[in-house]
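Asker: Handing you this structure, nothing more for now.
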Amino acid sequence: MGTTMSPISILTPLFLLMFVALSDGYVKERTLLHQSSGDDVGNYLTKDELWFNQTLDHFSPYDHRQFAQRYYEFLDYFQVPDGPIFLKICGESACNGIVNDYISVLAKKFGAAVVSLEHRYYGKSSPFKSLTTTDLKYLSSKQALFDLASFRQFYQDSVNLKLNRTDAGNPWFVFGVSYSGALSAWFRLKFPHLTCGSLASSAVVQAVYDFPQFDQQIGVSAGADCKAALQEVNQLVEQRLASNGKALKEFFGAAELKIDGDFLYFLADAAVTAFQYGNPDKLCSPLIQAKKDGEDLVGAYAKYVKDNFAESVHYSQNRLKNTAITEDSSDRLWWFQVCTEVAYFQVAPTNDSVRSSKVDTRYHLDLCKNVFGQGIYPDVDATNLYYGGTRIAGSKIIFTNGSQDPWRHASKQISSSDMPSYLISCHNCGHGTDMRGCPQSPLSLEGNAQNCSSPDAVHKVRQQITENIDLWLSECQGGGRSSI
């Protein structure tokens, strides 16, 4: 059990100085919607850990157990005493600090403090000493939202204590990318009195059972020539897998993937990341050239995979069954959320698929059963009933998506009253472009957009984001409450 610590070490107009080195990098993980930042301190505004005691079960009036939850604060730009507080939500991976992306630019502009809470169970915020299916009972987006609400209250109370005030509060604004982008939108939906608004970047607010649109977008983003090359690779892989699967898996450095579906999912994901994270040419240029030169496309693809993608071990169901807490536990944890709440089963479309048709609904359901046990499956209808999916009935939520990102088809892409939706269109605009710049992985410090094929497209959306934040902060009432 952790000890509650003060969120503010020194709260004076003279802010702490921090050295930020130039570095980048995201760690590639198996099926995470976003890739977590590398450990180089230059990628972070801060890595100084703070802790507070969080309620384990927010929905039980009888269970008063708590666990230690990790968080961070960055105060360099905070305008004492009335500056806004930006809550940057950490998602489905270990949260090792506050990443130095576009949030730092916004914080400087608005004179904001930045705080970030690690998602329950991930990283160092595990309530239990193991991750059995029974232990994972309290891992859900609903519990996570209440974590955020409790933390927001705790942190505001701590600020008030430091400032020797009792009835005031700072305006809050919530940020998230990908799954945490969905949490950002859902937090504003469920707790509108606790935030002036939210930015939901590449926010996957629609739980989807079968998600063929994901693969279809990969085909569109690839373009005709690259798509044809990828489809030929898939055909050749399926043929060689049938004739000598062991040799083929060894060729890709994936001998440990005993289940063919895991191997084919691994190969599909390797292509996905190129478009999702703004590096399409790393994949397509050598493939298209190899096809023109009559070279072995499987060999060309294997070189791309081994040079640019995650270790294949992340795709092993045997590894996902490991209930010990390790640095790779995020894979198992996210799959539990996939298998219980949101699905996003990236199945092959019936026609014109880029990925193998063997990556189907049955593969995903078998994985859920094999890894977590009988009776585990995603209740997608309940999730969408609770949050509203793309028909979310919220307000003061900004939705943003990148044109090349396959996840945008699970996001809200149509503007509605008080919920603008912006599409950033460019050749390498993928997942979280508004916050991450280009490429989206490895990290572009401060979300630098100069390497986007159309920097102006990014700047235009960022200007609209800034105007919305400015307006909604100005409309906030005392105590950080929004005029809903």
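The values are calculated or read from the model by the stated rules, or taken from the named source; none is laboratory data. These figures come from a predicted structure and were not determined experimentally. Positions of Cβ are generated from backbone atoms using ideal geometry, with glycine treated the same way; all protein chains shown enter the neighbour counts. Ligands, DNA and RNA are excluded from the accessible area calculation, which covers all protein heavy atoms including side chains. Shrake-Rupley method; radii C 1.70, N 1.55, O 1.52, S 1.80 Å.
Asker: Give the ranking of Arg65, Arg332, Arg165, Arg240 by solvent-accessible surface, highest area first, calculated with a 1.4 Å probe.
Answerer: Numbers: Arg65 110, Arg332 10, Arg165 40, Arg240 85 Å².
I get Arg65, Arg240, Arg165, Arg332, largest accessible area first.
Asker: Heavy-atom accessible area of Cys368 with all protein chains present, probe 1.4 Å, nearest 10 Å²?
Answerer: Spelled out: Cys368, probe radius 1.4 Å, area about 0 Å².
Asker: Something else: Identify, among Asn318, Val233, Pro81, the residue whose Cα sits farthest towards the positive end of the charge dipole of the chain, taking +1 on the Cβ of Lys and Arg and -1 on the Cβ of Asp and Glu, with the dipole about the Cα centre.
Answerer: The one lying farthest along the dipole's positive direction is Pro81.
Asker: If Asp434, Asp293, Asp167 are ordered by their accessible area, calculated over protein heavy atoms with a 1.4 Å probe, which sequence runs from highest to lowest?
Answerer: Values: Asp434 5, Asp293 90, Asp167 140 Å².
Most to least solvent-accessible, the answer reads Asp167, Asp293, Asp434.
Asker: What dipole magnitude, in Debye to the nearest 20, does the stretch 39-97 give about its Cα centre under +1 on Lys/Arg Cβ and -1 on Asp/Glu Cβ? Write down the numbers at each step before the final one.
Answerer: Details: 4 positive and 10 negative charges, 27 e Å.
Approximately 140 debye in magnitude.
Asker: Considering only Cα-Cα distances, which of the following residue pairs are longer than 25 Å: Lys142/Lys460; Lys282/Lys460; Lys258/Lys282; Lys246/Lys303? Working shown, then result.
Answerer: Working: Lys142/Lys460 34 Å; Lys282/Lys460 27 Å; Lys258/Lys282 28 Å; Lys246/Lys303 18 Å.
Correct reply: Lys142/Lys460; Lys282/Lys460; Lys258/Lys282.
Asker: Further, regarding this structure: Could you give the size of the charge dipole of the chain about its Cα centre, using +1 on the Cβ of each K and R and -1 on the Cβ of each D and E, expressed in debye and rounded to the nearest 20? Mind showing how you got there, number by number?
Answerer: Details: 43 positive and 51 negative charges, 114 e Å.
For this selection, approximately 540 debye.
Asker: Would you work out the relative contact order for the chain, in percent, from Cα pairs under 8 angstrom that are 6 or more residues apart? Kindly include the intermediate steps, with their values, before the conclusion.
Answerer: Values: 1035 pairs, mean separation 93.4, N = 484.
Result for the chain is 19 percent.
Asker: With every protein chain left in place, what is the accessible area of His409 in Å² (1.4 Å probe, nearest 10)?
Answerer: 70 Å²
Asker: Which label belongs to the value computed from this structure, given these candidates for Rg and Dmax of the Cα atoms in Å: (1) 33.0, 101; (2) 22.1, 74; (3) 31.7, 106?
Answerer: The value computed from this structure is option (2).
Asker: Within 10 Å of each candidate Cβ there may be at most 16 other Cβ atoms; applying that plus a DSSP loop requirement, which GluC sites (Glu not before Pro) in the stretch 256-351 survive? Walk me through the numbers before you get to the answer.
Answerer: On the way: sites: Glu256, Glu295, Glu311, Glu327, Glu341; in loops: Glu256, Glu295, Glu311, Glu327.
Taking the stretch 256-351 and a limit of 16 other Cβ atoms within 10 Å, the loop GluC sites (Glu not before Pro) found are Glu256, Glu295, Glu311, Glu327.
Asker: Give me the accessible area of Glu238, 1.4 Å probe, in Å² rounded to the nearest 10.
Answerer: Result for Glu238: roughly 50 Å² accessible.
Asker: Let me ask something else about it. By the gyration tensor of its Cα atoms, with a ≥ b ≥ c the square roots of the eigenvalues, what is the shape of the stretch 238-279: rounded for a/c under 1.5, prolate for a/b over b/c, or oblate? Walk me through the numbers on the way to the answer.
Answerer: Numbers: a/c = 2.48, a/b = 2.32, b/c = 1.07.
Because a/c hits 1.5 or more and a/b exceeds b/c, the stretch 238-279 counts as prolate.
Asker: What 222 nm value per residue comes from the helices of the chain, counting each DSSP H run with n ≥ 4 as -39,500 (n - 2.57) and dividing by all residues, nearest 500 deg cm²/dmol?
Answerer: Numbers: 13 runs with 182 residues, N = 484.
So the helix-based figure for the chain works out to -12000 deg cm²/dmol.
Asker: Using a 1.4 angstrom probe with every protein chain in place, what is the largest-first accessible-area order of Ser243, Ser330? Don't skip to the answer; put the middle values down first.
Answerer: Details: Ser243 95, Ser330 10 Å².
Of Ser243, Ser330, the descending order of accessible area is Ser243, Ser330.
Asker: Label points 7 Å out from Cα along the Cβ direction at Asp418 and Asn308: separation in nm?
Answerer: So the label points at Asp418 and Asn308 sit 4.3 nm apart.
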